[in-house]
1. What is the number of the single condition among (1) touching a Pro at 6+ places or on another chain (Cβ under 8 Å); (2) on the phi < 0 side of the Ramachandran plot; (3) surrounded by 13 or more Cβ atoms within 10 Å (Cβ to Cβ) that Gly110 does not meet?
2. Can you confirm whether segment 53-69 contains a residue that is closer than 23 Å to Leu117 by Cβ, within 11 Å of the ligand (Cβ to nearest atom) and not in a strand (DSSP E or B)?
3. Can you pull out every residue in segment 1-52 that is part of a strand (DSSP E or B) and touching a Pro at 6+ places or on another chain (Cβ under 8 Å)?
4. Inspect all residues belonging to segment 34-46 and state whether any of them is over 27 Å from Glu82 (Cα atoms) and touching a residue at least 40 places away in the same chain (Cβ under 8 Å).
5. Name the residues in segment 8-31 that are within 15 Å of the chain's Cα centre (by Cα), surrounded by fewer than 14 Cβ atoms within 10 Å (Cβ to Cβ) and within 8 Å of the ligand (Cβ to nearest atom), would you?
6. Looking at Ala90, is it surrounded by 14 or more Cβ atoms within 10 Å (Cβ to Cβ) and either modelled with pLDDT of 95 or more or not small (Gly, Ala, Ser) (or both)?
7. Output the residues belonging to segment 94-119 that are more than 10 Å from the ligand (Cβ to nearest atom) and assigned to a loop (DSSP other than H, G, I, E, B).
8. Within segment 51-87, count every residue that is within 12 Å of the chain's Cα centre (by Cα), closer than 21 Å to Tyr23 by Cβ and crowded, with 17+ Cβ neighbours inside 10 Å.
Amino acid sequence: MAYDQNNVFAKILRGEIPCDKIYEDDFALAFNDINAQAPVHVLVIPKADYVSMADFSANASADLLAGFFRAVGETARILGLEGDGYRLIANTGSNAHQEVPHLHFHILSGKKLGPMLSR
Ligand code: AMP
């Protein structure tokens, strides 16, 4: 799938729409999800044009891969989640109900999240 420059996260990265920023570095931006599904619900996105985990893992540079995953961990640390734990989710493609076609990791926490999938 080709990258869509008009997706909402591309607009956030270009500063065209605001976000509630938690963390930012050269590789990634982390911000609160606009429709939180848990007391803590933060999205971490790479600062580059990758549609999904499939695209990113196949095509991103080693520096960006490392920098992005470091930023995911750093964001969780900043949020103070290491003690009680958190869940990472990266929906990829239609089976996973990916809505925004720019790779993003959800960080979910702030309560006991229960089993991984609703049935
Ligand atoms: P996914 O279904 O994995 O693609 O998740 C997309 C997420 O992006 C959803 O949890 C939305 O609530 C979130 N979202 C959509 N637009 C915005 C926005 N402008 N700011 C923050 N989060 C957003």
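1. (2)
2. Yes: segment 53-69 contains one or more residues that are closer than 23 Å to Leu117 by Cβ, within 11 Å of the ligand (Cβ to nearest atom) and not in a strand (DSSP E or B).
3. Scanning segment 1-52 gives a single hit, Ala28.
4. Checking segment 34-46: not a single residue is over 27 Å from Glu82 (Cα atoms) and touching a residue at least 40 places away in the same chain (Cβ under 8 Å).
5. Of everything in segment 8-31, just one residue is within 15 Å of the chain's Cα centre (by Cα), surrounded by fewer than 14 Cβ atoms within 10 Å (Cβ to Cβ) and within 8 Å of the ligand (Cβ to nearest atom), namely Asp20.
6. The answer is yes for Ala90.
7. Ser94, Asn95, Gly110, Lys111, Lys112, Leu113, Gly114, Pro115, Met116, Leu117, Ser118, Arg119
8. Residues meeting the conditions: 6.
The values are calculated or read from the model by the stated rules, or taken from the named source; none is laboratory data. Just so you know, these numbers come straight off a predicted model, no measurement behind them. No Cβ is skipped: glycine too gets one built from the backbone with ideal geometry, and neighbour counts run over all protein chains shown.
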